[in-house]
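Colleague: Sending over a structure as structure tokens; questions will come in a sec.
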Amino acid sequence: VDRVQGLSADDADRARAVLQGAERVVVLTGAGTSAESGVPTFRGEEGLWRSFRPEELATPEAFARDPELVWTWYRWRRSLVADCSPNPGHVALARFALRHGATTIVTQNVDGLHTRAAIEAADVGDPAPALPLELHGAIGRDRCSACGAVREALVLEGPAEGPRTIPRCPICDGPLRPDVVWFGEALDAELLERAFERARGADVCLVVGTSAVVQPAASIPITTLERGGALIEVNPEPTPLTPRATISLRGKSGPLLGALLDPA
Ligand code: BJW
Ligand code: ZN
């Protein structure tokens, strides 16, 4: 297999041919896929964690120690995401998945933008083939840390700023938390198994906008490679996956995904 790095028209053409010709495609997306929608990424130049250390906020220990601080961060991010819309990258992925039967979108993102793109792209049709497996949960849902009940969050509960008590479970009065996966917490076993199963069976894994450092998600593309499939990476920066990529395209997901996935 060729290992080509750096963007040339040839690489993009080859990647397009591989994707359009593939029978089964698995797509793994990360925060970079939503960057052009205005959702900050986690790591890098303007990452969310330049001003907040991850271990201070995205862990069960942080929530136990200072739930107010953690909720303030998530409320800010919820209101931010509520003002964002799917970008051309989300739309191209959704349209491709609707058209190209055996495509599975697996996302680490919690922003719900793949789901919104799927519903918009399907119009009056069935969005199901373009709905993502959301490995790290959804920022728009609350989960009770005592009884586990999950509900859609009421985004506009009270003012965005200022001290507030943390929301309580309507069933058991336990403290609610965002329905996301923090460091040290297990991913949903059934979702994870489905993602790896699709990756094992895929002719190509398209990896978009992830730094590929958070496990176990970062191992999904390796599974496709080990089964003889191709790995195509779309990212403005190199990642730990880049040396193993069949084709590595350096650039932003919005324009690149349109070029790779839209019909001729
Ligand atoms: C663009 C772009 C543009 C910019 N276009 N691209 C094995 C080895 C080592 C460690 C571990 C291991 N297994 C587990 C661990 C520990 C840990 C881990 O991986 N740590 C590493 C960091 C070292 N993993 C876990 O703890 C996981 N749990 C687990 O394994 O549990 C085991 C267990 C089993 C049984 C019982 C109990 C436990 C859980 C991981 C949860 C991650 N959670 C977060 C927060 C979610 C909630 C929230 O959002 O608040 O998920 S962390 C954060 O990182 C978030 C993301 O989904 C995730 C990945 O980040 P992502 O998407 O890659 O974003 P960035 O910012 O890193 O990268 C953006 C990329 O976009 C960059 O590359 C840019 O260049 C690019 N880009 N603009 C395209 N326009
Ligand atoms: Zn409860």
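Colleague: Pick out, from the stretch 42-122, the helices (runs of 4 or more DSSP H) lying fully within it that include 1 or more residues that are within 18 Å of the chain's Cα centre (by Cα) and among the β-branched types (V, I, T).
Modeller: The helices (runs of 4 or more DSSP H) meeting that bar are 67-82, 88-99, 113-122.
Colleague: Still on this structure, please answer the following. Any chance the stretch 164-177 includes a residue that's outside any loop (DSSP other than H, G, I, E, B) and acidic (D, E)?
Modeller: Taking every residue of the stretch 164-177 in turn, none turns out to be outside any loop (DSSP other than H, G, I, E, B) and acidic (D, E).
Colleague: Quick one: count up the residues across the stretch 205-264 that are open to solvent by 10 Å² or more (accessible area, probe 1.4 Å) and closer than 13 Å to D11 by Cα.
Modeller: So the count comes out to 5.
Colleague: Let me ask you something else. Give the residue that is nearest to A17 (Cα to Cα), with candidates limited to residues of the stretch 225-250 that are hydrophobic (A, V, I, L, M, F, W, C) and part of a loop (DSSP other than H, G, I, E, B).
Modeller: Of everything passing the filter in the stretch 225-250, A245 is nearest to A17 (Cα to Cα).
Colleague: Just give me the residues in the stretch 123-132 being in a helix (DSSP H, G or I) and either of a type in the set (D, E) or within 15 Å of the chain's Cα centre (by Cα) (or both), in sequence order.
Modeller: A130
Colleague: If a residue has to be of a type in the set (G, A, S), in a helix (DSSP H, G or I) and closer than 19 Å to N109 by Cα to count, how many in the stretch 12-41 make the cut?
Modeller: Qualifying residue count, the stretch 12-41: 3.
Colleague: Take the stretch 171-200 and flag every residue that is open to solvent by 30 Å² or more (accessible area, probe 1.4 Å) and more than 15 Å from ligand 1 (Cβ to nearest atom).
Modeller: Of everything in the stretch 171-200, those that are open to solvent by 30 Å² or more (accessible area, probe 1.4 Å) and more than 15 Å from ligand 1 (Cβ to nearest atom) turn out to be I171, C172, D173, P175, R194, E197, R198, R200.
Colleague: Would you check if R168 is buried (at least 19 other Cβ atoms within 10 Å of the Cβ) and either within 16 Å of ligand 2 (Cβ to nearest atom) or basic (K, R) (or both)?
Modeller: It is false that R168 is buried (at least 19 other Cβ atoms within 10 Å of the Cβ) and either within 16 Å of ligand 2 (Cβ to nearest atom) or basic (K, R) (or both).
The values are calculated or read from the model by the stated rules, or taken from the named source; none is laboratory data. Owing to the predicted nature of the structure, the values given are computational and were not obtained by experimental measurement. Note that each Cβ is placed from the backbone with ideal geometry, even for glycine, and that neighbours are counted across all protein chains shown. Side chains included, ligands, DNA and RNA excluded: accessible areas come from the protein's heavy atoms. Shrake-Rupley method; radii C 1.70, N 1.55, O 1.52, S 1.80 Å.
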